[in-house]
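The values are calculated or read from the model by the stated rules, or taken from the named source; none is laboratory data. Owing to the predicted nature of the structure, the values given are computational and were not obtained by experimental measurement. No Cβ is skipped: glycine too gets one built from the backbone with ideal geometry, and neighbour counts run over all protein chains shown. Side chains included, ligands, DNA and RNA excluded: accessible areas come from the protein's heavy atoms. Shrake-Rupley method; radii C 1.70, N 1.55, O 1.52, S 1.80 Å.
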Amino acid sequence: MANFSGTINLLGFKGAKVFTNLDAQHPQMAWVCVPVPYNDIQLSQDGKYASARVFMAETNDKFRQACIQRKQQSGDDMTGYMPPSHQMEVSFTQEFRQRALEAARKRLLGEHPEWTGADLEDPERNTDLRNAMYDAVRCRLGSMYCHQRQSPAQTAAAPAAATAAQGAQSWQEGAPFPAQESDDLPF
């Protein structure tokens, strides 16, 4: 089985916002707030667990090539660059998705009266409405990167030791570390 790494854009959740001044002791601390009803988030009875289902889909070659091309055009260093292997989205329950699609349909028909009367079952007549509805409900969260699985011989090889030695060397040379408020961490 392969290993993955990635990033999740917490502001990718529907209605998510950043707030400050929510904690009197730390007024500058930023908080990401995600509306539970907009994102089909399940809360445990005791309030200690909140979960959102996710779906990871493999990216196609066209998408990966576009990522590579965009990176090259920006002039960024391509050394070790690996395009995303998967995209992550919120996986809504079927009941929630139906309610969300209906809400999106009502809003979109108000914005585009020319789509009124479009038969959602007829793919020839409703492409614009159907695509707009699904785009409105889709909740993309981020990209995942699949790492090549290494053989045991590769894993035990010298690069890990060299990396550790390089880190120790930079510390000995007095490389500054950024200031941290470690006493504020809740761990």
Check your understanding: Taking the simple approach of a point 7 Å from Cα along Cα-to-Cβ for both residue 91 and residue 146, what is their distance in nm?
Key -> 1.7
Practice item. In nm, give the distance between the simple-model label positions of residue 30 and residue 48, each being 7 Å from the Cα along the Cα-to-Cβ direction. Key: 3.0
Check your understanding: How large is the charge dipole for region 39-92, taken about the Cα centre, if only the Cβ atoms of Lys, Arg (+1) and Asp, Glu (-1) carry charge, to the nearest 20 debye?
Key -> 80
Exercise for review: With a probe of 1.4 Å, find how much accessible area region 53-106 has per residue, and write the answer as a whole number in Å².
Suggested key: 70
Check your understanding: P(r) tail for region 33-74, what percent of Cα pairs lie past 12 Å?
Key -> 73
Check your understanding: Looking at the P(r) of region 1-141, how many percent of alpha-carbon pairs lie beyond 19 Å?
Key -> 68
Revision key, fill the gap. Ranked output for segments 105-112, 73-80, 18-25 by mean other Cβ atoms within 10 Å, highest leading, reads 105-112, 18-25, 73-80
Point to revise | Cα centroid separation - region 15-84 against region 133-147, whole Å | key: 9
Check your understanding: Cα gyration tensor of region 55-98, axes a ≥ b ≥ c as square roots of the eigenvalues: rounded (a/c below 1.5), prolate (a/b > b/c) or oblate?
Key -> prolate
**Study point:** Peptides 32-38, 133-139, 95-101 ordered by average Cβ neighbours within 10 Å, highest first
**Key:** 133-139, 95-101, 32-38
Exercise for review: Using the Cα centre as the reference, give the magnitude of the dipole from point charges on the C-beta atoms of region 48-142 (Lys, Arg: +1; Asp, Glu: -1; all else neutral), rounded to the nearest 20 debye.
Suggested key: 460
Study note, to complete from the structure: Largest-first ranking of 127, 59 by accessible area, probe 1.4 Å, whole protein assembly kept, is 127, 59
Practice item. Can you tell me the order of 45-52, 7-14, 62-69 when each peptide is scored by its average per-residue count of other Cβ atoms within 10 angstrom, highest first? Key: 7-14, 62-69, 45-52
